[in-house]
Amino acid sequence: MLKQRPRIVDLSETEPNRRRGGDLRAMLTPATVGSTSGFMGLALVQPGDRIGEHYHPYSEEFVYVVSGALEVDLDGEPHPLKVDQGLLIPPYMRHRFRNVGDVEARLVFHLGPLAPRPDLGHVDTEDTSGTDGTGAIAAHAKAAGAKAPDNGQPPERSGAIT
C-alpha cells in the first residue's frame, strides 16, 4: 500500500472556478494531494455576489467563515453567517451563499465523503450568471438518478454508496 505524504497547497496554485458565482478554489483534493475521504477549499465572494443554490447528494459540507458578512439559504430559509462561525450542511440540503457585506467574504469548505464520481457530487438547482452554460454537472446527476429534494424527503438515487 502506498503511504500518503503531506503536501502544502498555496491558494495561488489553484485555478478560479466562477461557474456558480463567487470564486471557488478547490485546494486539497484527490487530484492535488491524493485525498481519499473528501476535499477542502476556499470560497471568495465579493460584495453583492453569491454562490448559486445547489446540493450534494453524497457529502456533508462543513463551512467556516474567515471574513465577511454572509447570508446562507438552507432549503430556502435565510440565516446570517458571520466571521468565526461554522456550519454543517447535511447531504441533499439545498444551500446558497450571499455576501451581504461591503468587503470580500472568505469561507473555508470541506466536503466528505467523496461522491462515486466527481460529476455526481454537486447538483445545481438554479441557473447562475457566470456559468459555462452547459449544465453538465446537473445533467450528469439527473442521469444518475439524483433529483432535487421534494417535501423534505431525500431524493431518490441510483448507484449510491452507503
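Based on this model, can you work out whether Arg117 counts as modelled with pLDDT of 95 or more and open to solvent by 20 Å² or more (accessible area, probe 1.4 Å)? Answer is no for this residue. Pairs are defined by a Cβ separation below 8 Å, a sequence spacing of at least 6 or placement on different chains, a first member in region 63-92 that is free of Cβ contacts under 8 Å to residues at least 24 places away in the same chain and closer than 19 Å to Pro47 by Cβ, and a second member that is open to solvent by 70 Å² or more (accessible area, probe 1.4 Å) and not β-branched (Val, Ile, Thr); the pairs so defined are Gln85/Tyr64.
Give the residues of region 43-68 that are crowded, with 17+ Cβ neighbours inside 10 Å and assigned to a strand (DSSP E or B), sorted by residue number.
First, pick out the residues of region 43-68 that are crowded, with 17+ Cβ neighbours inside 10 Å: 43-45, 49-59, 61, 63, 65, 68.
Result: Ala43, Leu44, Val45, Arg50, Ile51, Gly52, Glu53, His54, Tyr55, Glu61, Val63, Val65.
When Leu24 is tested against the conditions (1) open to solvent by less than 60 Å² (accessible area, probe 1.4 Å); (2) in contact with a Gly (Cβ under 8 Å, 6 or more places away or on another chain); (3) in a loop (DSSP other than H, G, I, E, B), the lone failure is (3).
From the set of residues in region 69-98 that are among the hydrophobic types (A, V, I, L, M, F, W, C) and part of a loop (DSSP other than H, G, I, E, B), which is most open to solvent (accessible area, probe 1.4 Å)? Checked region 69-98; the qualifying residue most open to solvent (accessible area, probe 1.4 Å) is Val83.
When Gly152 is tested against the conditions (1) open to solvent by 60 Å² or more (accessible area, probe 1.4 Å); (2) modelled with pLDDT under 95; (3) within 27 Å of Ser35 (Cα to Cα), the lone failure is (3). Test Ser12 against the criterion of being under 17 Å from the mean Cα position of the chain (by Cα) and exposed (fewer than 14 other Cβ atoms within 10 Å of the Cβ), and give yes or no. The answer is no for Ser12.
Screening the candidates Gly86, Gly41, Gly34, Gly52 for the property of being at positive phi and out of contact with any helix residue (DSSP H, G or I) (no Cβ under 7 Å at 6 or more places or on another chain) yields one hit, Gly34.
The values are calculated or read from the model by the stated rules, or taken from the named source; none is laboratory data. All figures in this text were calculated on a predicted structure; none of them were measured in a lab. Methodologically, a virtual Cβ is constructed for each residue, glycine included, from the backbone with ideal geometry; neighbour enumeration extends over all protein chains shown. Heavy atoms of the whole protein, side chains included, go into the accessibility calculation; ligands, DNA and RNA do not. Shrake-Rupley method; radii C 1.70, N 1.55, O 1.52, S 1.80 Å.
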